[in-house]
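These notes concern the structure reproduced below.
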Amino acid sequence: MSRHLNERVFVLLALLLSAVALYRSSLTLSFSDVGSAHSPVFFPQIILVLWIGLTVIALGQTLMQSVKAQPIDGVFRLIILVAASIAYTNLLTMYGFFLTSALFTLICLPVFGMRHPAILTGYAIAVPGALVLLFNHVLGMPLPTSPFTHYF
Amino acid sequence: MKLTSAIGMAFGAALAATGAVAADFPERPINLIAPFNAGGGTDLLLRGLAPHFEEAVGENVFVSNMSGGSGTVAASALQGQKPTGYQMAYMSITVSTIQPQIKNVPYGVDSWTPICSIAASPTMLFVSNDSPFQSMEDVVAAVNAEPGKYVFGSSGPGAITHLSMVSAFSGLDLMDKVKHLPFKGSGPAIKELTAGNIHFFGDTELLMKRGDFRPLMVFNAERLDSFPDVPTATEVGIAAPLNELYLWGGLFAPAGLEQGTVDVLAKACDDAVHSDGFQEFANNSGTVINHRGPEEFNAFFRAQYDANKALISAAGL
Amino acid sequence: MLSSLPDAFALLFNIEGILVLVLGTVLGIILGAMPGIGSTVAVAIVLPFTLSMGQAPAIILLLAVYAGSVYGGSIAAILINTPGTPQSAATCLDGYPMAQRGEAGLALGWATVASVIGGLVSAVVLIFAAPELAAFALEFGPIETFALILLGMTCIVSVSTGSVVKGLLSGMIGIFLSLVGGDPITGEFRFTYDKWQLYSGFNLLAVVIGVFALSEVLIRASQKVNEVSDLVSFKGIVLPKLSDWSGRVRNLVKSVLIGNVIGVLPGTGAATAAFISYAEGRRSSRNSENFGKGEPDGIVSSEAANNAVTGGALVPTMALGIPGDAITAVMLATLTLHGITPGPKLVEDNPALIGAIFTGFFVINLLLLPLGILLSRIAAPVLRVREAYMMTAIVLLCAVGIYFVRGNPFDLLVMGLAGVGGFILRRQGFPMAPLVIGMVLGPTLELTLRQGLILKDGNFLAFFQSPIALVLIIAATIALCLPLIRLGLARTRQVAQ
């Protein structure tokens, strides 16, 4: 078994386990006892059963054939960008659009091979700054601002 | 206007860093939160109010939308904010008194500083214009004759359209004999009322403008001037507390807001609601203005919170 | 209606009216073309301005921005594979492969012509047949709608490039994601585990932007770095030659019809129409084996249908006072603010205004062609910036777009997680279009199924007693089984050989 085959099986197993866990949790959810069409988990359970069944079929198919997944060229770049994206989307409303976006830009541009310091800083300030200026101060529909000042 | 204020802000930036005391309130833009989508009724009401509020309070006022979870997402988020007075939400009867009692949300009756109430309209029971029912007596007789046949619609479970029907049929002791069919929003429900798939629908007087419907009963203390022939729920035989139901709403800030700030906001709200511009807006949009100051609104809100318990248990929510 | 045309023209063709028409359409196209920013945000941006306008300009501005952004969405979908709206997701399927082949200009040309024709025909239908179509919409109760949505669901099979099983699985994941949050019948929260942030469920746009746009950025980060973002070579729109249309007209006509009919039914919408039309195109087109590999018919199916919906959705709005989708709901509310009551008597009471709105809608669709060509020529150099700038800007714009959809911080996190999840699934050959279909149709499928069961006291057989529903259910069964049977046949033949 190659490394890529493992990755395929691993993703499908993760899908299978999450579906089973969700189904289990739907059994324990306490709802007012009413008829089947009235039950909030009536439809989700149908979908989850289909989900589980399809995952099992896909698992079977995957184990029988050995198709190679595309190799990842830049594992390190990818990990940085995934971490940065999650952090960015999580912190944006807490620390304001401008600060988080500038920081994200400073991480994202080098990942894509842009390392000139002056351009980096210029872009990190100009692009988020322009968006903040446009939405917060011209259109009057503000993006989240930082806890430090209400201007950005 | 927004552009000039932006320039003004740039000049004033240096001054903004100085310390904040209530006497300086407000010193930055005030945010009115609509807990529903942009372009909806609540959103447009706030957008109509904002310019007049802005004029009255002397600082920029902007409307933002935070929708989802029948309004509970915005209320839950606001409840966790510091009471600065710079953020207020327009909450209706359902968001402020119904949802917190039927769902596990992080806010309740004590989470708010009520600022002012703005609007309140009595709800009514409607049938389609080609419906055979001419009065509530017809309805009662028909439902008793064929239990389980008749259906009332709503714009969603727990919405005012649902609660008004619960008031009607629970008040008349017919709840087990009618079916409830919820829709996503009132648009599809009104369509089915026109098409005849549902027989009853509860809403405010505004529904009359949206199609050919006939009101049979109003949940108000007295008959409406605009519909002198439509009996009140009490006349039809519905006892308190289910005989009156209003779709009301007002501005709320998080609990613990300083009295000085409350006074500033309440005064601004009073001026804005009574401004000519907003009166004209209300007239155009069919909004029934019902203004209350902070103390009065607080008492009303708490009374409603308790009174609606009966409604909730009747609805089986 | 025709007698009021002079008054309507007077309302429309003055300086303010023309300015609003042109600027609104331009703004709509630009906003729609930005990855992450779709119709909802575009309308939210112009909404405050409409409050201080007259009746006719206010509605025309909303319409122009709406139609422009639906069209603009196809630009981002084709050129950078990041649909700004769910309704352009189907356009990606053939538009992007065509662009990768070096035919971006032609792909946009097909999209533009199809959009314009779809929009124009729907405008004509709106002007001449609104009352009849509205009466037809009333025939569609919960049971009929359920059957239609079921038919729509079968599109999952036809848009599953690669593995059908994985496509179906994507679809199920999409449906499930759409079910988290408040239950539409009882109002109870399910799969929220007492987190109020989850009460509003997973936002469709946040997931769509995540799995398409953000995961695209991640995929590029995992590949070799390009010096210049030679995403696609694009110099401007190339209109298809008249001779290219031979054999494609039938598909165009059918797509426009599908868009119109589905637009008329409240609660369905442009994304549904685009996918159903795409599936139908794939079934009946003589180029069906090229679908998904950059087939113009695929672009035409999706774009003609989603633009025809804009006119279709106005039918119940204007004839019954019932909004056809979220955007028409905003228009109705705006009308109310201007003292006009939407309802069955709307057209009767305000013939000049409605005439101006309908004519304006026609003109907007005419404007799409020259404005689209002009704007794409101006925008072409933007595509030649370095990949780094482009990718960063996409993420920032997506964040802005998602934040303004409903102002919920949680949606941003959903977008981030959907991006990572989409990246993982796309690497394993899971198509993402079925996930979007599942999320778009899932809530309506559940609601109408349960409404039907409540109305018929739990008797599922009643679903087959409605003639409309029966026809649709049979069509859905055929649509679902045919590809599977064909697949099975092909496989047995392979084994035999």
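The values are calculated or read from the model by the stated rules, or taken from the named source; none is laboratory data. In this text, all values refer to a predicted model and were calculated from it rather than measured experimentally. FYI the Cβ positions are ideal-geometry reconstructions off the backbone, even for glycines, and counts take in every protein chain you see.
Return the pairs, sorted by first residue and then second, in which the second residue is in a loop (DSSP other than H, G, I, E, B), the first residue lies in segment C:456-483 and is surrounded by 15 or more Cβ atoms within 10 Å (Cβ to Cβ), the beta carbons are less than 7 Å apart, and the residues are 6+ apart or on different chains.
Close Cβ pairs satisfying both conditions: C:Ala462/C:Lys456; C:Ala476/C:Thr154; C:Ala479/C:Thr154; C:Leu480/C:Thr154.
Considering only residues that are over 21 Å from the mean Cα position of the chain (by Cα), more than 9 Å from every other protein chain (Cβ to nearest Cβ) and not in a loop (DSSP other than H, G, I, E, B), which ones fall in segment C:151-202?
Of everything in segment C:151-202, just one residue is over 21 Å from the mean Cα position of the chain (by Cα), more than 9 Å from every other protein chain (Cβ to nearest Cβ) and not in a loop (DSSP other than H, G, I, E, B), namely C:Val164.
Looking only at segment B:271-309, filter to residues that are touching a Leu at 6+ places or on another chain (Cβ under 7 Å) and modelled with pLDDT under 90; which one of those is surrounded by the most Cβ atoms within 10 Å (Cβ to Cβ)?
Initial filter on segment B:271-309 (touching a Leu at 6+ places or on another chain (Cβ under 7 Å)): B:272, B:278, B:284-287.
Next, from what is left, pick out any that are modelled with pLDDT under 90: B:284-287.
Values: B:Asn284: 14, B:Ser285: 18, B:Gly286: 17, B:Thr287: 25.
It comes out as B:Thr287.
Go through segment C:469-497 residue by residue and tally those that are of a type in the set (Val, Ile, Thr) and modelled with pLDDT of 80 or more. First the steps, then the outcome.
First, the residues of segment C:469-497 that are of a type in the set (Val, Ile, Thr): C:471, C:473-474, C:477-478, C:485, C:492, C:495.
Among the residues that remain, those that are also modelled with pLDDT of 80 or more are: C:471, C:473-474, C:477-478.
Residues meeting the conditions: 5.
Among the residues of segment C:412-429, is there at least one that is small (Gly, Ala, Ser), touching a residue at least 60 places away in the same chain (Cβ under 8 Å) and not in a helix (DSSP H, G or I)? Spell out the reasoning first.
In the first step, residues of segment C:412-429 are kept if they are small (Gly, Ala, Ser); the result is C:416, C:418-419, C:421-422, C:429.
From what's left, touching a residue at least 60 places away in the same chain (Cβ under 8 Å): C:416, C:418-419, C:421-422, C:429.
Okay, now just the ones that are also not in a helix (DSSP H, G or I), so C:429.
Checked segment C:412-429: at least one residue is small (Gly, Ala, Ser), touching a residue at least 60 places away in the same chain (Cβ under 8 Å) and not in a helix (DSSP H, G or I).
Condition first: touching a residue at least 24 places away in the same chain (Cβ under 8 Å) and either on the phi > 0 side of the Ramachandran plot or within 14 Å of chain B (Cβ to nearest Cβ) (or both). Can you find one or more residues in segment C:109-128 that meet it? Spell out how you get there, then give the answer.
Going through segment C:109-128, the residues touching a residue at least 24 places away in the same chain (Cβ under 8 Å) turn out to be C:109-127.
Keeping just the survivors that are either on the phi > 0 side of the Ramachandran plot or within 14 Å of chain B (Cβ to nearest Cβ) (or both) gives none.
Within segment C:109-128 (the criterion being touching a residue at least 24 places away in the same chain (Cβ under 8 Å) and either on the phi > 0 side of the Ramachandran plot or within 14 Å of chain B (Cβ to nearest Cβ) (or both)), the answer is no, since none of the residues qualifies.
Looking only at helices (runs of 4 or more DSSP H) that fall completely inside segment B:170-285, which ones have 3 or more residues that are within 14 Å of chain C (Cβ to nearest Cβ) and over 30 Å from C:Pro142 (Cβ atoms)? Give the steps one after another, and end with the answer.
Details: elements: B:186-195, B:233-236, B:259-273, B:276-285.
Helices (runs of 4 or more DSSP H) meeting the threshold: B:276-285.
Is it true that some residue in segment C:357-379 is among the charged types (D, E, K, R), surrounded by fewer than 22 Cβ atoms within 10 Å (Cβ to Cβ), under 27 Å from C:Pro240 (Cα atoms) and in contact (Cβ under 8 Å) with a residue 40 or more places away in the chain?
Checked against the condition, which is being among the charged types (D, E, K, R), surrounded by fewer than 22 Cβ atoms within 10 Å (Cβ to Cβ), under 27 Å from C:Pro240 (Cα atoms) and in contact (Cβ under 8 Å) with a residue 40 or more places away in the chain, segment C:357-379 yields at least one hit.
Considering each of C:Ile209, C:Ile175, C:Ile127 in turn, give the residue that is crowded, with 24+ Cβ neighbours inside 10 Å, under 30 Å from B:Leu193 (Cβ atoms) and β-branched (Val, Ile, Thr). Working first, answer last.
Working: C:Ile209 fails: under 30 Å from B:Leu193 (Cβ atoms); C:Ile127 fails: crowded, with 24+ Cβ neighbours inside 10 Å.
It is C:Ile175.
Scan segment C:398-413 for residues that are facing another protein chain (nearest Cβ under 8 Å) and of a type outside the set (Phe, Trp, Tyr) and report the count.
Within segment C:398-413, residues that are facing another protein chain (nearest Cβ under 8 Å) and of a type outside the set (Phe, Trp, Tyr) number 8.
Please verify whether C:Ser301 is closer than 22 Å to C:Ala76 by Cβ, of a type in the set (Ser, Thr, Tyr) and more than 14 Å from every other protein chain (Cβ to nearest Cβ), treating the condition exactly as stated.
On the way: closer than 22 Å to C:Ala76 by Cβ: yes; of a type in the set (Ser, Thr, Tyr): yes; more than 14 Å from every other protein chain (Cβ to nearest Cβ): yes.
For C:Ser301, the condition - closer than 22 Å to C:Ala76 by Cβ, of a type in the set (Ser, Thr, Tyr) and more than 14 Å from every other protein chain (Cβ to nearest Cβ) - is met.
Do we find that B:Ile115 is out of contact with any Ser or Thr (no Cβ under 9 Å at 6 or more places or on another chain), away from every other protein chain (no Cβ under 12 Å) and either of a type in the set (Val, Ile, Thr) or surrounded by 24 or more Cβ atoms within 10 Å (Cβ to Cβ) (or both) in this structure?
Numbers: out of contact with any Ser or Thr (no Cβ under 9 Å at 6 or more places or on another chain): yes; away from every other protein chain (no Cβ under 12 Å): yes; either of a type in the set (Val, Ile, Thr) or surrounded by 24 or more Cβ atoms within 10 Å (Cβ to Cβ) (or both): yes.
Spelling it out, B:Ile115 is indeed out of contact with any Ser or Thr (no Cβ under 9 Å at 6 or more places or on another chain), away from every other protein chain (no Cβ under 12 Å) and either of a type in the set (Val, Ile, Thr) or surrounded by 24 or more Cβ atoms within 10 Å (Cβ to Cβ) (or both).
Which ones in segment B:50-85 are crowded, with 24+ Cβ neighbours inside 10 Å and more than 11 Å from every other protein chain (Cβ to nearest Cβ)?
If the condition is that a residue be crowded, with 24+ Cβ neighbours inside 10 Å and more than 11 Å from every other protein chain (Cβ to nearest Cβ), then B:Phe53 is the only one that fits.
Please give the number of the condition A:His150 fails out of (1) farther than 21 Å from B:Asn65 by Cα; (2) more than 11 Å from chain C (Cβ to nearest Cβ).
(1)
Residue-by-condition table, conditions (1) under 27 Å from A:Leu143 (Cα atoms); (2) of a type outside the set (S, T, N, Q); (3) at pLDDT below 90; (4) surrounded by 19 or more Cβ atoms within 10 Å (Cβ to Cβ):
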position	(1), (2), (3), (4)
C:Arg406	yes, yes, yes, yes
C:Val420	yes, yes, no, yes
C:Pro431	no, yes, no, yes
C:Leu449	no, yes, no, yes
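A:Ile79 versus (1) β-branched (Val, Ile, Thr); (2) part of a helix (DSSP H, G or I); (3) within 7 Å of chain C (Cβ to nearest Cβ): which is the lone unmet condition?
(3)
Out of everything in segment C:332-351 that is in a helix (DSSP H, G or I) and either within 7 Å of another protein chain (Cβ to nearest Cβ) or of a type in the set (Val, Ile, Thr) (or both), what residue ends up being farthest from C:Leu133 (Cα to Cα)?
Let us first name the residues in segment C:332-351 that are in a helix (DSSP H, G or I), namely C:332-337, C:346-349, C:351.
Filter again for either within 7 Å of another protein chain (Cβ to nearest Cβ) or of a type in the set (Val, Ile, Thr) (or both), leaving C:333-334, C:336-337, C:347.
Values: C:Ala333: 22, C:Thr334: 24, C:Thr336: 23, C:Leu337: 27, C:Val347: 15 Å.
By that ranking, first place goes to C:Leu337.
Here is a list: B:Thr113, B:Thr123. Which entry is under 13 Å from the mean Cα position of the chain (by Cα) and at negative phi? Before you say what the answer is, go through the steps one by one.
Numbers: B:Thr113 fails: under 13 Å from the mean Cα position of the chain (by Cα).
Checking each option against the conditions leaves just B:Thr123.
State all residues of segment B:119-169 that are in a strand (DSSP E or B), closer than 15 Å to B:Thr234 by Cα and hydroxyl-bearing (Ser, Thr, Tyr); if no residue qualifies, say none.
Answer for segment B:119-169, where residues must be in a strand (DSSP E or B), closer than 15 Å to B:Thr234 by Cα and hydroxyl-bearing (Ser, Thr, Tyr): just B:Thr123.
Is there a residue being part of a helix (DSSP H, G or I), within 18 Å of C:Thr328 (Cα to Cα) and under 13 Å from the mean Cα position of the chain (by Cα) anywhere in segment C:40-63? Talk me through it step by step, then tell me what you get.
Restricting attention to segment C:40-63, the residues satisfying the condition of being part of a helix (DSSP H, G or I) are C:40-50, C:55-63.
Narrowing further to those that are within 18 Å of C:Thr328 (Cα to Cα): C:40-50, C:55-63.
Then keep just the ones that are under 13 Å from the mean Cα position of the chain (by Cα); that gives C:40.
Taking every residue of segment C:40-63 in turn, at least one turns out to be part of a helix (DSSP H, G or I), within 18 Å of C:Thr328 (Cα to Cα) and under 13 Å from the mean Cα position of the chain (by Cα).
Residues checked against (1) surrounded by fewer than 16 Cβ atoms within 10 Å (Cβ to Cβ); (2) without any contact (Cβ under 8 Å) to a residue 12 or more places away in the chain; (3) among the polar types (S, T, N, Q):
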{"residue": "A:Thr62", "(1), (2), (3)": "no, no, yes"}
{"residue": "A:Asp73", "(1), (2), (3)": "yes, yes, no"}
{"residue": "A:Leu81", "(1), (2), (3)": "no, no, no"}
{"residue": "A:Ala84", "(1), (2), (3)": "no, no, no"}
{"residue": "A:Ala102", "(1), (2), (3)": "no, no, no"}
{"residue": "A:Met114", "(1), (2), (3)": "no, yes, no"}
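Assess whether A:Thr100 counts as being among the polar types (S, T, N, Q), modelled with pLDDT under 90 and not assigned by TED's automatic domain parsing to the domain that holds A:Ala19. Talk me through it step by step, then tell me what you get.
Details: among the polar types (S, T, N, Q): yes; modelled with pLDDT under 90: no; not assigned by TED's automatic domain parsing to the domain that holds A:Ala19: yes.
When the stated conditions are applied, A:Thr100 does not pass them.
From B:Val143, B:Val151, B:Val127, B:Val139, which residue is away from chain C (no Cβ under 13 Å), free of Cβ contacts under 8 Å to residues at least 60 places away in the same chain and touching a Leu at 6+ places or on another chain (Cβ under 8 Å)? Full working, then the answer.
Values: B:Val151 fails: away from chain C (no Cβ under 13 Å); B:Val127 fails: free of Cβ contacts under 8 Å to residues at least 60 places away in the same chain; B:Val139 fails: free of Cβ contacts under 8 Å to residues at least 60 places away in the same chain.
Every option except B:Val143 fails the conditions.
Among what's in segment A:125-146 and is within 13 Å of chain B (Cβ to nearest Cβ) and β-branched (Val, Ile, Thr), pick the residue that is surrounded by the fewest Cβ atoms within 10 Å (Cβ to Cβ).
A:Val138
Have a look at C:Ile373, C:Ile327, C:Ile354 and point out the one that is in contact with a helix residue (DSSP H, G or I) (Cβ under 7 Å, 6 or more places away or on another chain), assigned to a helix (DSSP H, G or I) and away from every other protein chain (no Cβ under 14 Å).
Numbers: C:Ile373 fails: in contact with a helix residue (DSSP H, G or I) (Cβ under 7 Å, 6 or more places away or on another chain); C:Ile327 fails: away from every other protein chain (no Cβ under 14 Å).
The conditions single out C:Ile354.
Given the conditions (1) assigned to a loop (DSSP other than H, G, I, E, B); (2) within 13 Å of the chain's Cα centre (by Cα); (3) among the hydrophobic types (A, V, I, L, M, F, W, C), and given that C:Ala77 satisfies all but one, which numbered condition is not satisfied?
The single condition C:Ala77 does not satisfy is (1).
Can you pull out every residue in segment B:86-115 that is touching a strand residue (DSSP E or B) at 6+ places or on another chain (Cβ under 6 Å) and either in the same structural domain as B:Gly156 (by TED's automatic domain parsing) or under 16 Å from B:Ala255 (Cβ atoms) (or both)? It would help to see each step written out before you state the result.
Kept after step one, since they are touching a strand residue (DSSP E or B) at 6+ places or on another chain (Cβ under 6 Å), are these residues of segment B:86-115: B:86-93, B:112-115.
Within segment B:86-115, B:Tyr86, B:Gln87, B:Met88, B:Ala89, B:Met91, B:Trp112, B:Thr113, B:Pro114, B:Ile115 qualify.
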